[in-house]
Every structure is written in C-alpha cells, then in structure tokens.
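So the structure is just underneath, and the comments pick up after that.
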Amino acid sequence: MGWGVVDEHAGTLQLVDYGAITTPAGMAQPQRLRILYDELQSLLQRYQPNDAAVEELFFSRNVTTALSVGQARGVVLLAFTQIDIPIYEYKPLSVKQAVSGYGNADKKQMQEMVRITLQLNRIPKPDDAADALAVAICHAYSGPMLRRTST
C-alpha cells in the first residue's frame, strides 16, 4: 500500500515523505492486515496529519484481489477514524483530473505530473507511492473546498 504526505503553504505543495507498506507474499491475510495496521499507526504518530485522502475502490474482475483490497482499505479507514482524522475519498477520474488536468491520463503521465508538482528530481517509486502522492495532491487542491461545503 502506497502512502504520501504533502504539506501545503500559500498554494504551494511540498513533499514531506512517501513510501509503501509491504507484506511478505504467502503470509496469511489476517497477519498481512495486522502489519498494515501497525505500520499505518506508526506513520500516523510520526506525521500527525490533519486530513486523510484515499482513493475510492473501483470494481475489479478478480474477486480475490477486490476482497483483499477492500479488507486493506477497511483497515486504513479504521486507523484514521480511531484518531478522528477526517477522511476524504476521491474517484480515480477525479485524481487524474486534479493532478494532470486530463481524466484519461495514463500512469506515466500521472507520475510525471506528481514529479513536476512536487518539484522532484525523479518519479517517486514504487508506483504505489506515486499513486498515493497523486491522491494527496488531489486532496490538497480539492480539500479546502470540500471542507467549506461540508459544514
């Protein structure tokens, strides 16, 4: 699972940190979810975010993959909710439009826009981390409006 932390000051985004939480292949799903939860708790303590942004699920043809992703997403939502961090969810199309200005942008275009937006020398790796940063950028652009309209 990729993750990314960005900070916004006066309309300018700055990368704080990013990475991916990985689990050993072949490990039982409950133990994998526990690792995800524990690692996420550590990240939340380290960075103490004001908001959380997650990508909404899209339906997958592979039921097993969809179930695993849904379970992991549930762990993520629980971790944020337990410490009262507001959660904002974005459709993949919204993320692409916010970051690249084009709803059909491909992965390479998105990664390059993440690199440019955050003024990085290279595209963040692994791909899951770059994807997470794209969601964070989308939220940095969209979040203030969502906060104003949700009150």
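Read the figures in this text as sums done on the coordinates, not as results from a lab. Predicted model only: the values in this text are computed from it and were never measured. Using ideal geometry, Cβ is built from the backbone for each residue, glycine included, and neighbour counts are taken over all protein chains shown.
Values computed for the structure shown
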read-out	value
Dipole in debye (nearest 20) - the chain, about Cα centre, beta carbon charges: Lys, Arg +1; Asp, Glu -1	280
The chain: relative contact order as a whole-number percent, Cα under 8 Å and 6+ apart	30
Length added when fully stretched, M27-T12, from 0.36 nm per residue minus Cα-Cα	1.3 nm
Computed over the chain, Kirkwood Rh from alpha-carbon pairs, angstrom	16.1
Positive dipole terminus of the chain, leading residue within Q119, Q48, Q14 (C-beta point charges)	Q119
For region 137-142, Karplus couplings with θ = phi - 60° (6.51, -1.76, 1.60), whole Hz, Gly/Pro x	5, 4, 5, 4, 7, 9
Value of [θ]222 nm, deg cm²/dmol, for the chain, DSSP H segments ≥ 4, -39500 (n - 2.57) each, nearest 500	-18000 deg cm²/dmol
Under Karplus coefficients 6.51, -1.76 and 1.60, residue-wise ³J(HN,Hα) of region 75-85 in Hz, glycine/proline x	4, 4, 4, 4, 4, 5, 5, 4, 10, 6, 8
At R0 = 30 Å, FRET efficiency that the Cβ-Cβ distance of K125 and S42 yields, to 0.05	0.90
Three-way shape call for region 20-65 based on the alpha-carbon gyration tensor, with the a/c threshold at 1.5	oblate
Estimated distance in nm for a label pair at Q109 and D51, the labels positioned 7 Å out from Cα along Cα-to-Cβ	2.5
Estimated vicinal HN-Hα couplings, Hz - region 121-129 in sequence order (Karplus 6.51, -1.76, 1.60; Gly, Pro = x)	6, 9, 5, x, 10, x, 4, 4, 5
